[in-house]
Structures are given as structure tokens and as C-alpha cells.
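For reference, the structure is listed below as C-alpha cells.
The values are calculated or read from the model by the stated rules, or taken from the named source; none is laboratory data. The structure displayed is predicted, hence computed values, not measured ones. Every residue, glycine among them, receives a Cβ derived from its backbone with ideal geometry; neighbour counts consider all protein chains shown.
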């Protein structure tokens, strides 16, 4: 009797191992499909852009490099123009890389200066809006003329632009 129960126990253990093997094979196939999909070129590009968009340091670095290369290129175009002189082109290339390097090294200062210039123009625009505003009182309405257009109202409205 012991031999039959041992044989049945072995058969049951073999059946459980076969079920486990089938499940592990399914899991392995699923993981292989997921890995294969993640290595597709479009998914690699998507994940790269996702990493770039979530990393502020990388974003700042790319922005600074783009600004540096753009200023270098523009300085070369201003200096060389459409000249075909090889000497001028060589000097233009030297200027391009020098300006790009200087811009990249001074990116933080340039951003601060850019912010100050932008704020200056925004404040100048706000002041011009304030200076160019005329209020006329008609019979029962007020008419406010601004560079953006005219507003008519029966009530006095105080607008504050900062």
C-alpha cells in the first residue's frame, strides 16, 4: 500500500510542478512581450521625452545649451553675413563657438538680465496704458478710452493695472 500512495503523491507533485511550469512560462512570455514593446523606437522616444520633461536640471541644461548655440549662431550670421570669403567664415566660426561658450558659462547671469529687461518692458507697457487712459463723463454713463478700446458703463469702475 505504501508504494501506491507514494506513487500517487509523486504524480500529484509532478502535476503541481507542471501547473507551476505552465504558469511561469506564461509569466515569462508576458514579461518578454512587455520588454519587447519597451524597446520599440517610439516607446524609447516617449520615455526619453518623459524623463526630460520631469527632470528640471536636464531641462535647464538643454535650455541653456540651446540659448548658447543660438546666440553663437546669430553672432556668426551677423558678423559673416552671406560672405563667401573663407577667412571671414573661419573667424565667424571662431566667434560662434566663443560666444556660445561665454553664453553657456554666464547663463544664470543672462537669465537674470533677461528677466530685468522683460520686466522693464512690461512695466513700460503698463505705464503707457495708464497714461493713455481717458475718462469722459456723459449724461448718465462713463466712457473710458484706452489703447485697447472703449468701455461704457453706468457705474464707476476702478481698474488698477500693476
* To do: Find the residue count for the range 74-87, including only residues that are in a helix (DSSP H, G or I) and either in contact with a strand residue (DSSP E or B) (Cβ under 6 Å, 6 or more places away or on another chain) or exposed (fewer than 14 other Cβ atoms within 10 Å of the Cβ) (or both).
  => 5
* For the range 37-62, name all the residues that are surrounded by 10 or more Cβ atoms within 10 Å (Cβ to Cβ) and either farther than 30 Å from residue 106 by Cα or not assigned by TED's automatic domain parsing to the domain that holds residue 106 (or both). => 37, 38, 40, 43, 44, 45, 46, 47
* Asked: In this structure, does residue 86 turn out to be over 17 Å from residue 114 (Cα atoms) and at pLDDT 85 or above?
  -> yes
* **Close pairs from the range 97-122: first at positive phi and not assigned by TED's automatic domain parsing to the domain that holds residue 76, partner surrounded by 10 or more Cβ atoms within 10 Å (Cβ to Cβ) and not in a helix (DSSP H, G or I), Cβ under 9 Å, at least 6 apart** => none
* Can you confirm whether the range 9-32 contains a residue that is assigned to a loop (DSSP other than H, G, I, E, B) and either at pLDDT 85 or above or surrounded by 10 or more Cβ atoms within 10 Å (Cβ to Cβ) (or both)? => no
